[in-house]
Ligand code: 9WN
């Protein structure tokens, strides 16, 4: 059993979507939440990779499908490391439900989870295996940070941080006319350009030709690195709740390693965490919400102060409050996908820091405009798919936590 992000636009199982969807499921049925994660991990490759799409039932309404990827069962790239973090949030819902302060197999059994110890340990092993893949295959310079081998891998497809590296990809003769997405939204300007799609498809072909190695695109990403650190830390905590002490130690060490390694991406002049192209060495600060993510980790006070100020100056104060691109940037586009619009998942991540602002913002957006895929951050207008999975799932998470006020 699994959940698709959107019947119309995304009719397969997507990896990081399933992580968010599991959190939503946990507000009503913790067992079902675990099934969501288990079904995703059924698609794990031997090398530990969690493919970003699992082609479970073949449909023609999504492009690119299995033929283009060169793999029957799944896509060949991965997605952000959010699975440890998602599992921890799922388990917290079990504790909330029974009023417990910590989680163990007994608490899970009380909320109706079958074979809790065995299932959680099996998920933990799979998550650790996945983290191993990311560390081995997405760190070409050995920085202990995470790079991205395809814009889709980051989940933030046409984010401005990829523009330069994507321009280096040869798109001569690549045809994007097979696209099925543009006429499924109100206005094609809400989706990436054909030129960007030609880049995405050229990379898919290159990855296929390199026998599913990383291919010719490798950009270190502070956002992906932050999420790996968070996911390792979650893995460490859960492992110790379930008596897997050696795994807990390993995960904690790795969480610390990524967190301190992330400082290599800090640029004093730009006063920002930067995107680093592993092939050319070029580093660039980006005026985007993703650049604010290291705030979720233990970072030096000076960096924290700068990022907090940047939130006030560039991100807060628009209707949506958490646009994906700073409203002060020339690149800010309130309509186009990951180039300005607000996304519920990106906003939700900041709940530990800005709880009231996040809750108010998300609840108002969905009450007024429904569970859209993304929103115009100036007007709040819904964009992209309607009835989008993680917008609903993370709203449920916020509502359940608000009701119990943790
Ligand atoms: C490509 C499923 C996915 C999300 C991504 C989002 C979008 C796919 C697409 O939809 O990407 O993976 O076809 O546009 O950008 O974050 O996981 O919801």
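Tally time: how many residues in region 177-197 are within 14 Å of the ligand (Cβ to nearest atom), closer than 16 Å to residue 336 by Cβ and either in contact with a strand residue (DSSP E or B) (Cβ under 6 Å, 6 or more places away or on another chain) or touching a residue at least 12 places away in the same chain (Cβ under 8 Å) (or both)? Can you show your working first?
Taking region 177-197 and keeping what is within 14 Å of the ligand (Cβ to nearest atom), we get 178-185, 188, 190-194, 196-197.
Adding the requirement that they be closer than 16 Å to residue 336 by Cβ leaves 179, 181-182, 184-185, 188, 190-194, 196-197.
When the remaining residues are screened for being either in contact with a strand residue (DSSP E or B) (Cβ under 6 Å, 6 or more places away or on another chain) or touching a residue at least 12 places away in the same chain (Cβ under 8 Å) (or both), the result is 179, 181, 184-185, 190-194, 196-197.
Final tally of qualifying residues: 11.
Can you find a residue in region 303-325 that is assigned to a loop (DSSP other than H, G, I, E, B), within 25 Å of residue 402 (Cβ to Cβ) and free of Cβ contacts under 8 Å to residues at least 12 places away in the same chain? Break it down stepwise before answering.
Taking region 303-325 and keeping what is assigned to a loop (DSSP other than H, G, I, E, B), we get 316-324.
After this cut, where a residue has to be within 25 Å of residue 402 (Cβ to Cβ) as well, the list is 316-324.
If we keep only those that are free of Cβ contacts under 8 Å to residues at least 12 places away in the same chain as well, we get 317.
Among the residues of region 303-325, at least one is assigned to a loop (DSSP other than H, G, I, E, B), within 25 Å of residue 402 (Cβ to Cβ) and free of Cβ contacts under 8 Å to residues at least 12 places away in the same chain, which makes the answer yes.
Would you please name the residue that is surrounded by the most Cβ atoms within 10 Å (Cβ to Cβ), looking only at residues in region 265-287 that are touching a residue at least 24 places away in the same chain (Cβ under 8 Å) and not in a strand (DSSP E or B)?
Here is the first cut: in region 265-287, the ones touching a residue at least 24 places away in the same chain (Cβ under 8 Å) are 265-266, 271-280, 282, 284, 286-287.
This time we only want the ones that are not in a strand (DSSP E or B), so: 265, 271, 278-280, 282, 286-287.
Working: 265: 20, 271: 15, 278: 21, 279: 15, 280: 12, 282: 13, 286: 24, 287: 19.
Among those that are touching a residue at least 24 places away in the same chain (Cβ under 8 Å) and not in a strand (DSSP E or B), it is 286.
Within region 25-44, can you find the residues that are crowded, with 24+ Cβ neighbours inside 10 Å and over 20 Å from residue 109 (Cβ atoms)?
Across region 25-44, the qualifying residue is only 40.
Assuming residue 397 fulfils every condition listed in (1) touching a helix residue (DSSP H, G or I) at 6+ places or on another chain (Cβ under 8 Å); (2) under 21 Å from residue 4 (Cα atoms); (3) in a loop (DSSP other than H, G, I, E, B) apart from one, which condition is it?
Residue 397 satisfies every listed condition except (3).
Right, residue 65: free of Cβ contacts under 8 Å to residues at least 40 places away in the same chain, under 29 Å from residue 385 (Cβ atoms) and touching a strand residue (DSSP E or B) at 6+ places or on another chain (Cβ under 8 Å) or not?
Numbers: free of Cβ contacts under 8 Å to residues at least 40 places away in the same chain: yes; under 29 Å from residue 385 (Cβ atoms): yes; touching a strand residue (DSSP E or B) at 6+ places or on another chain (Cβ under 8 Å): no.
No: the conditions fail for residue 65.
Test residue 83 against the criterion of being within 16 Å of the ligand (Cβ to nearest atom) and free of Cβ contacts under 8 Å to residues at least 60 places away in the same chain, and give yes or no. Don't jump to the end; show me each part of the working.
Details: within 16 Å of the ligand (Cβ to nearest atom): yes; free of Cβ contacts under 8 Å to residues at least 60 places away in the same chain: no.
So residue 83 does not fit the description; no.
Checking residue 162 against (1) crowded, with 16+ Cβ neighbours inside 10 Å; (2) more than 23 Å from the chain's Cα centre (by Cα), which single condition isn't satisfied?
Unmet condition: (2).
Would you check which residues across region 23-62 are within 14 Å of the ligand (Cβ to nearest atom) and in contact (Cβ under 8 Å) with a residue 60 or more places away in the chain and list them?
24, 50, 52, 61, 62
Bear in mind that the values in this text are calculations on the coordinates, not laboratory data. Everything numeric here is computed off the predicted structure, so don't read it as measured data. Cβ sites come from the backbone with ideal geometry, for glycine too, and all protein chains shown count toward neighbours.
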